[in-house]
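Take this structure first; my questions come after.
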Amino acid sequence: MHEMGIILHLAKTLEETAEQEKIQKITRVALEVGEVSGIMTDYFTDCWNYFRKKHPVLEEAELEILTIPAVTWCDSCKQTYPTVQYGRTCPHCGSGETWLLKGNECIIKEIEVEE
Amino acid sequence: MKIIELKETVTASNDRDAAVLRSELKEKGTLLINLMASPGAGKTTLLERTIRDLKDTHRIAVMEADVDSDVDAVRIEKIGAKAVQAHTDGMCHMDAGMTRRALEALGDEPFDLVVLENVGNLICPAEFDTGAGKCVMLLSVPEGDDKPLKYPLMFSVSDVLIITKTDVAPYFDFDFDACMARARKLNPNIQIFTVSAKTGEGFDAWEQWLSKAVSDWKE
């Protein structure tokens, strides 16, 4: 359900862009999806393939998902580490004073369009 | 073929709609509160008591968002506040567009405070800006003090955390200090209240905050 909600907004954002830029057809959409964004990419692609058929501008748009690795910053020892492997506890010093630097995002990087 | 760089978040269109709605509500002097919590945390019960206490001094309306049914809207109308039921058609959250339609359903009457009771869920509602002026979340004692660890985004986006059902605390191992410390670590500015809708404990502080938020919004 969550993936479908995001797809609705993605489609709306793309249709608005298409209207502004006078684009007839979008053929590829590249998304940057963070490892800990909570988006299940397989399910997300299935939702997209179902949904795009309903929109003339989007029906030929293939979804390309680029995974962004999640990185956490440790405020105690001032080092970074991979989030998925170690979670909230810093593997360098054992501190819990840690913050996610990236890996939570879902960004439309670029689109390919027919001229 | 031409490639256009966008670098926009997927929900950019929603964020824009939400910003427009928020400024329209600011203009009207209506504070919209996005009330979020898990199913059964006590959203409707908290609202019933709050409305009873504040309805003589504030014009209040409630928008109940659910996947189905209208049981919550019926409860709110019994207390004497205007309520509309917004169905999300299976969606797990409200977005700015759905919120605008629910506000339209409330009609042209002016309100000081409109509460959007979001779908019971600690995940998806946190990701979608509804256009609300303030986000308030509830966590009930039976749910456990570890929830800030499991649902960090909800605690990060909320202006207020209300810990509900404090009357049953003797029966649960809920560590209030640990819960508050976890929430503040995610969100140093979060306001925290502890209440029991059954005994009324803690409602004074929460209602004072709410009344002040309503008057501040009109400035």
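The values are calculated or read from the model by the stated rules, or taken from the named source; none is laboratory data. Everything quoted here is computed from the prediction, not taken from an experiment. Counting neighbours? That spans all protein chains shown, and the Cβs are built from the backbone with ideal geometry, glycine included.
How many residues are of a type outside the set (D, E, K, R) and without any contact (Cβ under 8 Å) to a residue 24 or more places away in the chain if we restrict to region B:144-177?
Residues flagged as of a type outside the set (D, E, K, R) and without any contact (Cβ under 8 Å) to a residue 24 or more places away in the chain within region B:144-177 amount to 2.
Name the strands (runs of 3 or more DSSP E) wholly inside region A:1-113 in which the number of residues that are out of contact with any strand residue (DSSP E or B) (no Cβ under 8 Å at 6 or more places or on another chain) is 1 or more. Give the derivation first.
Working: elements: A:26-34, A:62-68, A:71-74, A:80-82, A:98-102, A:106-113.
So the answer is none; nothing clears 1.
Restricting to region B:1-32, and then to whatever is facing chain A (nearest Cβ under 7 Å) and aliphatic (A, V, I, L, M), can you tell me which residue is farthest from the chain's Cα centre (by Cα)?
B:Met1
Now, a different point. Could you check how many residues of region A:6-19 are buried (at least 20 other Cβ atoms within 10 Å of the Cβ) and under 13 Å from A:Tyr50 (Cα atoms)?
Looking only at that region, the number is 2.
Given the conditions (1) surrounded by fewer than 16 Cβ atoms within 10 Å (Cβ to Cβ); (2) among the aromatic types (Phe, Trp, Tyr); (3) at pLDDT 95 or above, and given that A:Tyr43 satisfies all but one, which numbered condition is not satisfied?
The failed condition is (3).
For region A:60-70, indicate whether the set of residues that are among the hydroxyl-bearing types (Ser, Thr, Tyr), within 12 Å of chain B (Cβ to nearest Cβ) and in contact (Cβ under 8 Å) with a residue 12 or more places away in the chain is non-empty.
no
Here's another thing I want to ask about it. Just to check your reading of the model, which residue among B:Lys212, B:Lys185 is at pLDDT 95 or above, part of a helix (DSSP H, G or I), basic (Lys, Arg) and surrounded by fewer than 21 Cβ atoms within 10 Å (Cβ to Cβ)?
Only one candidate passes the filter, namely B:Lys212.
Can you name every residue in region B:68-94 that is touching a His at 6+ places or on another chain (Cβ under 7 Å) and in contact (Cβ under 8 Å) with a residue 40 or more places away in the chain? Steps first, please.
Taking region B:68-94 first, the residues touching a His at 6+ places or on another chain (Cβ under 7 Å) are B:68, B:92.
Correct list: empty.
Let me ask something else about it. When only residues in region A:89-108 that are surrounded by 15 or more Cβ atoms within 10 Å (Cβ to Cβ) and facing chain B (nearest Cβ under 9 Å) count, which is farthest from the chain's Cα centre (by Cα)?
Checking each candidate, the answer is A:Leu100.
To keep it simple, each residue is scored yes or no on (1) at pLDDT 95 or above; (2) more than 10 Å from chain B (Cβ to nearest Cβ).
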position: A:His2; (1), (2): no, no
position: A:Ala11; (1), (2): no, no
position: A:Gln20; (1), (2): no, yes
position: A:Val29; (1), (2): yes, no
position: A:Val33; (1), (2): no, no
position: A:Cys74; (1), (2): yes, yes
